[in-house]
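Single-structure report; data block below.
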Ligand code: FAD
């Protein structure tokens, strides 16, 4: 099974700053692998261990320093990695990001069976990138994936989280999944993995390499316009009530109805 894994570098979450253009300030800020992508990586590597002759190729769209994160996922067991990087990608919204990553996957791994994404990135937090990639590649997608129940070369059986329960879904390959975190301590790389990852070459894809035009990517290819970005200020005038669930429901109803 050929697995494409999408991972994103995000600013250390306690330290998000905005530029004057309402985009996230990334220069000079410590970056980490998106926490959801740690679980997506584990999920992809678990699949690899269950299906003989599988490979995992990690993709990230980001600046050159995102190579550090790619080396980290290779040290955990990913076979190779692709950095999608070009100044023309700057200012991309989720639509342009989805188009760019899908073009890179199509170019580098045209015969992929599965694309694994995290459910959210902790900075942008839209959860749109995975579905956008699926849309550009015309793939079935399963979001909010919790667990793998069955896997073979033709399909996956997965459990996915719903608001009011868990659903079991069977999806034929090729397809795309977005993975939720699980209750376990993610693996740490072993020294052998770190050494072998440090020797591997990371393929870099520019806009020309993946066959896109300037108007299809970056700010020019982004239909979204951010007019304002701000932090939600907590309401410090909140009142606390200690009561049972029936009385609190009654009180809430009264408050809503004014
Ligand atoms: P989500 O959709 O929440 O991420 C879900 C999953 O998708 C992740 O777990 C991961 O598996 C995958 N994924 C997401 N992004 C990537 C990636 N880059 N590479 C590989 N996998 C990925 N950001 C900038 O850095 N610079 C800008 O100038 C900029 N300009 C923007 C302008 C506009 C108008 C808008 C709307 C956004 C802009 N952004 C910019 C944010 C950028 O579009 C998002 O960071 C990006 O599209 C991913 O969306 P998200 O963070 O909501 O990720």
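Coordinate-derived values only; no laboratory data. This structure is a prediction, so every number in the text was calculated from the model and none was measured.
Table for the structure above
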| quantity | calculated |
| --- | --- |
| Computed lengthening from residue 226 to residue 201, 0.36 nm per intervening residue step minus Cα-Cα distance | 5.3 nm |
| Extension gain, residue 257 back to residue 135 (0.36 nm per residue minus Cα-Cα distance, nm) | 39.7 nm |
| Most mobile listed residue (207, 243, 74) in the chain, GNM with C-alpha springs under 10 Å | 243 |
| Cα-Cα P(r), region 153-258, percent of pairs per 5 Å interval | 2, 6, 7, 6, 7, 12, 16, 15, 10, 6, 5, 6, 2, 0 |
| Ellipsoid semi-axes in whole angstrom, largest first, where each is sqrt(5λ) of the Cα gyration tensor of the chain | 33, 25, 19 |
| Candidates 63, 110, 131: whichever shows maximal mean-square fluctuation once the chain is modelled as a Gaussian network with Cα springs under 10 Å | 110 |
| The chain, helix-only ellipticity at 222 nm - DSSP H runs n ≥ 4, -39,500 (n - 2.57), divided by all residues, nearest 500 | -8500 deg cm²/dmol |
